[in-house]
1. Mind counting the residues in segment A:407-419 that are open to solvent by less than 50 Å² (accessible area, probe 1.4 Å) and within 8 Å of RNA strand B (Cβ to nearest atom)?
2. State which residue is nearest to residue A:230 (Cα to Cα) when the search covers only segment A:277-288 and only residues that are in contact with a helix residue (DSSP H, G or I) (Cβ under 9 Å, 6 or more places away or on another chain) and surrounded by fewer than 23 Cβ atoms within 10 Å (Cβ to Cβ).
3. Give me the pairs: first residue in segment A:55-73 and open to solvent by less than 10 Å² (accessible area, probe 1.4 Å), second residue hydroxyl-bearing (Ser, Thr, Tyr), beta-carbon distance under 6 Å, and six or more apart or on different chains, which are they?
4. When you scan segment A:361-383, how many residues do you find that are more than 14 Å from RNA strand B (Cβ to nearest atom) and either farther than 23 Å from residue A:398 by Cβ or surrounded by fewer than 17 Cβ atoms within 10 Å (Cβ to Cβ) (or both)?
5. Suppose the filter is within 16 Å of RNA strand B (Cβ to nearest atom) and among the polar types (S, T, N, Q); does residue A:132 pass it?
6. Taking residue A:84 as meeting all but one of (1) open to solvent by less than 20 Å² (accessible area, probe 1.4 Å); (2) assigned to a helix (DSSP H, G or I), write down the number of the exception.
7. Name every residue in segment A:347-377 that is assigned to a helix (DSSP H, G or I), of a type in the set (D, E, K, R) and either more than 41 Å from the chain's Cα centre (by Cα) or outside the structural domain of residue A:391 (by TED's automatic domain parsing) (or both), in order of residue number.
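The values are calculated or read from the model by the stated rules, or taken from the named source; none is laboratory data. The model shown is predicted, which means the values in this text are computed figures rather than measured ones. Note that we place each Cβ from the backbone using ideal geometry, even for glycine, and neighbour counts take in every protein chain shown. Side chains included, ligands, DNA and RNA excluded: accessible areas come from the protein's heavy atoms. Shrake-Rupley method; radii C 1.70, N 1.55, O 1.52, S 1.80 Å.
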Amino acid sequence: MKIKERIVLAKVPKGTNDILPEQIDCWYYLENKTREVLQNYGYREIRTPAFEHTELFVRGIGETTDIVQKEMFTFQDRKGRSLTLRPEGTAPVVRAYLEHNLGRENPLSKLFYIGSMFRCEKPQAGRYRQFNQFGAEAIGSPLPVIDAEIIAAALSIYKQLGLTDLKLMLNSVGCRKCRPQYLKALKDYFGEKREMLCVDCRQRYEQNPLRILDCKKEKCQLVIKKCPSIFEYLCEDCANHFNTLRNCLDNIGITYQINPLLVRGLDYYTKTAFEIVAEELGAQNAVGGGGRYDYLVEELGGKSTPAVGFAAGMERILETMLKQGIRIPVWDGIRVFIAVTSQEQVVTALSIANQIREKGISAEMDFLGKSLKSQMRTANKLQVPYVLILGSEELKENKVTIKDMVNGVQEEISLNDILAYLKKAYF
RNA sequence: GUGGGCGUAGCUCAGUCCGGUUAGAGCACUGGAUUGUGGCUCCAGUGGUCGUGGGUUCAAAUCCCAUCGCUCACCCCA
């Protein structure tokens, strides 16, 4: 094959990554801890397809959101139906909840997922086109105590992973009743000062004034600083919800920072909105976030059902773990290497290797016809604690040499004693 | 979509400013250092159209133009 062709063929698409064997232990560790913690909190795993009908996301996430407007991987199937690779996990979970009537079995469904999400953005640090998230959704309860629980579950995962110095940011974005009034107040406020806002914010002013609060531009910040606070406009229900949530969090020892400017990019949030940030990460510093979405189930065709959820970015978590120097347990590696002194013994070697493997001990041998010296080098590179050396002399007497690679000592043992010897070494 | 930085061996990079032997180093990889034995050391070897295309020149990794890729930031998010 020509070099030029190889350059294109042997290259991942932009914004995607291979996870190589040397990195896989991190992923196992993260996934296992996540499952463990979420199951302890009573959440059950659900797996939904990697793609859905486009309409699900348009309706669920919101037409005016950046995700829907410019970040979705949308394509047509052969019959012209529009499908989209899932850009987030909540809408698919709610879809599955409705499709399988999970609410009928159980008035409260506690579900979690782990999987890849897809967004067609320009990649940068901590942002990829295919990335992995885990998340949890509690569908069916309007009570603030479930908000507190799901926040606690998220924080517990980070804690179990050994992460420190994470900040929980908390806000309420109101509901159908009170948010329109706040939006009107924002419009009134920003309307007078429109000249001082950036181009993007003038656009946001028309589409979704709440988003202006998120703008990081200095001149906008000056205006935002003095804008009306959401907390002056929350209705009684929302205010009570928020206060009770705070009370719950205080009581279980979770510290948080109230940030009235915290606005999430998905339209479905109501009442509680939160974000968990790690300062190490720089520009893309959110390792997780979530909130309540009391209208989403209804929006997707179900009956009115309150719900709350969160999602976390797994690449960002691993990145933070790396920056915080957290050690991750790795695979033990191969325990026994079977070396041969000549090719006549390879079949015997294969047979012995399989016997060892069937007892649950990992074993490896040479498949390249290498010299004994070179096999020993391979064994050493694998950091194998024991090497079995099959020599013609010993085999005549049904014996093999077993070498302890740590202290370099070797002895001859009978073929029948191999398993007993290894078992003694490992159990 | 907008801007900045960077593309030389599998990896980390030197060489580029100021054009001039056959493009280098370390690590990694392969083999060897007396019969069938790893690590340390020593020796040798494999590996590069210097991202790609064009231009200037007697001569280009080096200068100019274009293009692609990577990366960081903005926007937004995980």
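1. 1
2. Restricting to residues being in contact with a helix residue (DSSP H, G or I) (Cβ under 9 Å, 6 or more places away or on another chain) and surrounded by fewer than 23 Cβ atoms within 10 Å (Cβ to Cβ), the top hit is A:286.
3. From segment A:55-73, the pairs are A:57/A:84.
4. Result for segment A:361-383: 1.
5. When the stated conditions are applied, residue A:132 passes them.
6. Going through the list (1) open to solvent by less than 20 Å² (accessible area, probe 1.4 Å); (2) assigned to a helix (DSSP H, G or I), residue A:84 breaks only (2).
7. A:373
Per-residue answers, yes or no, for (1) farther than 16 Å from residue A:385 by Cβ; (2) surrounded by 12 or more Cβ atoms within 10 Å (Cβ to Cβ); (3) out of contact with any Leu (no Cβ under 7 Å at 6 or more places or on another chain):
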residue: A:322; (1), (2), (3): yes, yes, yes
residue: A:325; (1), (2), (3): yes, no, yes
residue: A:333; (1), (2), (3): no, no, no
residue: A:352; (1), (2), (3): yes, yes, no
residue: A:359; (1), (2), (3): no, yes, no
